[in-house]
Every structure is written in C-alpha cells, then in structure tokens.
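Only one structure is covered here, and it is reproduced in the block below.
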Amino acid sequence: MKTGNRLINGFKKQTQETIWNYLDGLADRKDVYSEGLYGILPQLSKNKNTYIYVHNTCVVVVVMDPCGAMKEIADEEMINDEKPLYFTGQRHRISPVYGLSEAVRSVRHELETSHIQKPVWGVLLTESNIMNAYGMEEVWEEMGITVIDELENLNNREIRVNTDECLPAGKKVMDALISLTYFTEPTEEEMNAFEQLDDDRAEDVKQSRKEEEVDEFEQLLRDFIDSLGQGESEGADDDIDEDEDEELDDEEDDDMEDMEDEDDEEQEDEHQSGSPFFGQPSGTVEQNNNVSVKVEILPPLANPRAELDKLVGCDDIKKRIDQLLALTRFNKMMCEAYPDIKQHEVALHSIFFGRPGTGKTTVCKIYGSLLHEAGVLSKGQVVVADRGTFMGTLWGDEERSVRQVVEMAQGGVLMIDEAYLLNTRNERDPSHMIIPLLLKMLADEKQRDIAVVLCGYKNEMMQLLDTNPGIPSRFPNRFEFRDFTIDELLEITRRRIKEYRYHFTAHAWQKFRNLLVSAYDARDPQSWGNARFIANQLEHIYIQHAQRCVKECPSDKSQWLTLTSADIQPVEVARPRPRIGF
C-alpha cells in the first residue's frame with residue numbers, strides 16, 4: 001500500500017475506542033467525500049449500513065454488521081468455489097468479510113471501467129467477537145479489509161457524512177458507481193429474498209463440507225488400516241480368552257452412560273472455544289533476510305470456569321487462580337464504588353513450574369480466558385512462544401521478534417515455554433538479551449493489557465530467576481504443576497475415551513491399569529510424560545482397535561465402542577539413566 005493513501009492507513013489504525021471519533025472527524029474534513037447508501041452488496045446493507053469515503057488518493061467502503069453480540073470463528077477459505085462461513089457453537093453464516101471483499105472488488109471494477117485509478121479498501125464494523133481475529137489479520141490484509149469487532153448497538157447508530165460538500169472527486173466516483181448503488185430503501189420482499197438466498201447457500205455449503213469431511217476421513221482410515229494390515233502377523237488373537245470380552249461391571253457401565261449424556265454439551269463448548277475442530281490460528285514473526293517464524297495463537301475459551309473445574313488434580317493451581325481473580329474483581333468493584341480510591345496493584349505475570357504433560361498450556365489458556373472474562377484482559381488469547389520464536393540469524397532479530405510477539409499478545413497472554421533455555425552458559429548467546437528486553441517492555445505503562453507466563457522445569461527456572469533481579473519482582477505469581485498420581489492418570493484416561501464414547505472391558509481396564517502402574521514405577525522423573533503418556537498410549541490403543549474391528553467386522557455395533565485386551569499392547573518406557581563413576 002502506498003504511503004500516500006492516508007485515508008486507508010488512517011482506518012487501519014483505528015480501534016473499538018477510536019473509530020467513532022475518527023468517522024465524525026471525517027465528516028468535517030473538506031478533502032474527503034462521504035455518503036451513506038443502500039446497495040453495492042444488498043445483504044450487507046439492510047438498514048443503510050454501507051458508507052463510502054472518497055479521497056483524491058483512494059476509496060474506502062465501510063460496512064456496519066449488526067449481527068448481535070456473539071462469539072464466532074472466522075473461516076475465509078473457499079471450498080469448491082463455495083462462499084466461506086463463520087461459525088458459532090450453534091449456527092453459521094456466510095463470511096461478512098468475504099461479502100465486503102466482493103463489494104470492494106465490484107467498486108474497483110467499476111472505477112477501472114470509468115478510467116478512475118484509485119485503490120479501494122474495505123472496513124467491516126461488526127458486533128461479533130471474532131475469537132481468532134489475531135490469526136486472521138494477515139488474511140484480511142491480503143483481502144483488502146480491516147475488521148473492527150466487538151462493537152455495540154450498530155442498528156441504532158448512524159454515521160455523519162458530508163455529501164453537501166460535493167467534492168469533484170466524490171461526484172466522479174459516485175457517477176462511476178451508479179450501476180452498483182441505489183439511494184432508496186429496498187423493499188421488504190427484496191431483502192427477504194437476499195436473506196433467504198444467503199441462508200440456503202450457507203446450509204448447502206455446510207452440508208457439502210460435512211459430506212466431504214466424512215468421505216475423506218473414511219478413506220484415510222481405510223488406507224491407514226490397510227497399510228497396517230500388510231505387516232500384521234497371523235493369529236494375533238489366538239491367545240485371547242472369551243472372558244476378556246466381558247463388559248465393565250454394572251456400576252461402571254452406569255457411570256459411563258451418565259457421562260455420555262453430557263457429551264453434546266461438552267462438544268458444543270469445544271466448538272465455541274475455538275478448538276481444533278475449527279483449526280488453530282497462527283501469527284508470524286518477521287525477521288531479517290525475509291525469515292518468518294510461525295507462532296501459535298490459542299483463542300479464548302467460551303466457558304473457562306467450567307474448563308478449570310473439569311481439570312483432574314491441580315487443586316492448588318485452582319485455589320491460587322481463584323485468589324488472583326477475586327482480587328481483580330474486588331479492584332473492579334472498588335473502582336466503580338470509589339473512583340478516587342487507590343487501587344491494589346494486581347500483578348498478572350506468572351511462572352509455571354512443572355514437567356511435560358502436567359497441564360501448563362491448558363491452564364495457561366484457561367488463565368487468559370478467565371482474566372478476559374473478569375475484564376482484566378481485553379481479548380484473552382494465548383500466544384505460545386519459545387526460544388526458537390525469538391532467535392534470528394542477524395543482529396537485531398531478537399529485539400524485532402520480542403516486539404512483534406508482545407504486540408501479538410496484547411489483550412491476552414504471552415506464554416514462553418521452556419523459558420530457562422534463554423539462560424545458557426554461553427555469555428555470547430544472543431538469547432541472554434531476550435529477558436531484559438521483555439522486562440523493559442513490561443515496565444512501560446502502556447503494556448498493562450498483557451500477562452506473561454514463563455514455563456519450565458522447576459530447578460532450571462529457579463536458576464533463570466537468579467540471573468536477573470528484575471524477574472522475581474516482575475513475576476510474583478508462582479504456580480507449581482506436580483506430576484499426576486496413578487489415580488489421576490486413570491481418571492484422565494476415563495475422560496479421554498469418553499470423548500469417543502469408548503469403554504474398556506473389565507479385563508482390558510485391568511490390563512491397562514497394570515501397564516500404567518509398571519510404566520509409572522519404572523519412569524524417569526526427568527522425562528516422564530504424565531498426561532502425554534496417556535495420550536500416546538490411547539492413540540496406540542485406538543489404532544489397534546480400529547485395525548481389529550475392520551478385520552473382524554463384528555455384527556454387534558456396540559463392539560465398535562468396546563476396547564478389549566487385544567487392543568492393549570506393551571509399551572517401552574524411558575528408564576532413568578545409570579550414573580557413571582563413583
């Protein structure tokens with residue numbers, strides 16, 4: 001974008017707090033022609049919500065999207081030339097950004113036909129809370145759109161314009177767009193037709209995607225199982241006793257049935273929270289020599305309190321988070337009751353001690369969502385970074401990376417995993433610059449809308465704290481994630497198989513429990529995977545189970561959900577390394 005297009009650049013800088021004052025200011029400018037109209041794209045212009053701004057250097061199309069306050073996942077990808085969709089936990093709609101981009105394209109085409117060479121940009125003002133907005137900014141930029149979400153009461157808002165000025169540039173552009181626009185309100189029948197067309201189209205796209213996903217999954221599953229079957233030895237089930245197919249006892253079966261009733265609600269929460277069902281958004285850190293580093297961004301959860309309560313173990317963590325939230329809420333109440341009273345300083349930056357698989361990332365995601373829900377953080381997303389995120393190839397890359405990641409995490413949480421790797425023995429290692437740079441930025445009063453969490457092994461993290469006196473004072477909150485007990489790992493297993501509606505036979509459950517106990521007793525404390533160990537074992541079990549079911553084709557479909565002893569295979573566990581010497 002040329003730097004001369006100041007109008008476009010001005011719109012790109014606006015936020016929820018500044019956009020209305022900016023628009024009012026444009027109405028008073030003598031060099032900008034603005035007009036409200038119906039048309040360009042009727043389904044985006046139900047209540048005269050479309051406005052056009054003309055400057056000597058560019059044209060901007062602004063659309064207000066009074067969709068109601070809701071949390072959505074944006075998907076701008078077109079599949080089989082079908083319009084992209086936005087999803088909530090219960091419904092979907094055609095992407096308003098896509099609609100606006102089509103309007104921008106139409107405007108650009110009409111201008112070119114009239115030999116008017118001006119760049120055209122689109123601005124969407126929406127009431128929706130687009131949960132993966134951070135991951136979509138680059139996509140929207142490529143589409144020529146700026147999105148400002150979480151606005152309120154758009155149906156009752158009207159933007160001031162300055163059509164009376166009749167600037168020559170404005171009149172010339174509006175004459176060129178006469179075939180796209182109209183200035184009288186469309187009839188109710190016309191608008192209903194537009195809405196029904198969108199609803200029907202969206203439903204067709206959704207059904208088409210469902211069928212494609214099912215077909216693709218079935219084909220991948222069959223191909224995968226066929227590849228496994230080529231190397232499988234014969235007679236693998238000869239040693240299985242008939243008794244091993246017995247179900248869990250009645251009491252456990254009843255528990256499983258009760259848990260199944262809750263499945264639909266949990267799946268709905270998962271969809272609303274921006275789960276892997278929708279795909280995780282990502283950001284990009286740009287370094288020198290055109291090197292870019294992908295950064296994972298976890299969207300906020302729809303119901304973080306419920307997710308925290310569902311965690312197995314972590315009682316101390318839950319208690320500490322509740323204490324911190326209580327203080328933040330108390331601060332907010334006091335501020336409303338006594339605006340002039342001194343507020344308690346609430347430090348959000350934290351350190352998570354713990355080994356792999358103890359739930360640090362999960363709790364970090366909940367932490368950000370709870371702080372957002374409490375009104376402390378404006379967005380609640382979690383940006384996941386590590387040493388590789390910051391380290392570049394040229395001098396200065398580290399500072400560039402830190403600044404970009406901090407900006408990306410504004411309104412949410414910056415989680416730096418294995419943060420102790422920023423403390424190496426090599427004094428010339430550029431990673432030593434990262435923590436001081438981060439502390440310097442956090443000292444800025446403007447950096448209040450962010451929480452930074454440093455994660456890693458306890459001993460190594462304590463050594464990191466000793467390297468810089470500013471770290472302990474800036475990160476006063478300490479959360480220690482202990483290893484899960486055997487009973488807690490078994491509970492995690494029950495919950496995970498419940499997600500697929502599986503259940504173990506009594507003998508299979510005992511076999512799995514014995515396997516877990518043996519692995520737990522022989523574990524290396526430094527490399528033990530905790531919940532990751534459970535996840536890995538269940539993946540092996542699911543594969544064995546799928547292979548067996550395809551081979552045996554049981555006529556009783558309930559057996560498709562039954563995990564037997566034949567599905568559980570021995571596993572190797574990393575053992576502690578023997579010491580060398582005396």
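Would you mind stating whether VAL405 is more than 24 Å from ASN303 (Cβ to Cβ), touching a residue at least 60 places away in the same chain (Cβ under 8 Å) and buried (at least 18 other Cβ atoms within 10 Å of the Cβ)? Let's see the steps before the verdict.
Working: more than 24 Å from ASN303 (Cβ to Cβ): yes; touching a residue at least 60 places away in the same chain (Cβ under 8 Å): yes; buried (at least 18 other Cβ atoms within 10 Å of the Cβ): yes.
So VAL405 passes the test.
Out of all the residues in segment 338-384, which are polar (S, T, N, Q) and not in a loop (DSSP other than H, G, I, E, B)?
SER350, THR361, THR362, SER369
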Hey, any hits in segment 110-119 for a residue that's out of contact with any strand residue (DSSP E or B) (no Cβ under 9 Å at 6 or more places or on another chain), acidic (Asp, Glu) and buried (at least 16 other Cβ atoms within 10 Å of the Cβ)? yes
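Can you go through ALA302, ALA374, ALA306, ALA326 and tell me which one is surrounded by fewer than 13 Cβ atoms within 10 Å (Cβ to Cβ), aliphatic (A, V, I, L, M) and modelled with pLDDT of 80 or more? Walk me through how you get there before you give the answer.
On the way: ALA302 fails: surrounded by fewer than 13 Cβ atoms within 10 Å (Cβ to Cβ); ALA374 fails: surrounded by fewer than 13 Cβ atoms within 10 Å (Cβ to Cβ); ALA306 fails: surrounded by fewer than 13 Cβ atoms within 10 Å (Cβ to Cβ).
Exactly one residue qualifies, and that residue is ALA326.
With under 30 Å from SER378 (Cβ atoms) and hydrophobic (A, V, I, L, M, F, W, C) as the only criterion, which of LEU464, LEU516 stands out? Before you say what the answer is, go through the steps one by one.
Details: LEU516 fails: under 30 Å from SER378 (Cβ atoms).
Going through LEU464, LEU516 in turn, the sole match is LEU464.
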Between a residue in segment 354-376 that is closer than 11 Å to THR328 by Cα and any residue that is in a helix (DSSP H, G or I) and of a type in the set (Ser, Thr, Tyr), which pairs come within a Cβ distance under 6 Å, given they are 6 or more apart or on different chains? ALA374/THR328; VAL376/THR328
Selection from segment 471-490 of residues that are surrounded by 15 or more Cβ atoms within 10 Å (Cβ to Cβ) and in a helix (DSSP H, G or I): ILE471, ARG474, GLU488, LEU489, LEU490
Inter-residue pairs, beta-carbon under 7 Å, first over 10 Å from ILE366 (Cα atoms) and polar (S, T, N, Q) and in segment 291-310, second surrounded by 21 or more Cβ atoms within 10 Å (Cβ to Cβ) and at pLDDT below 85, 6+ apart: SER292/VAL285
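The values are calculated or read from the model by the stated rules, or taken from the named source; none is laboratory data. Fair warning: this is a prediction, and the values are worked out from it, not measured in the lab. Don't worry about glycine lacking a Cβ; one is built from the backbone with ideal geometry, like all the others, and counts go over all protein chains shown.
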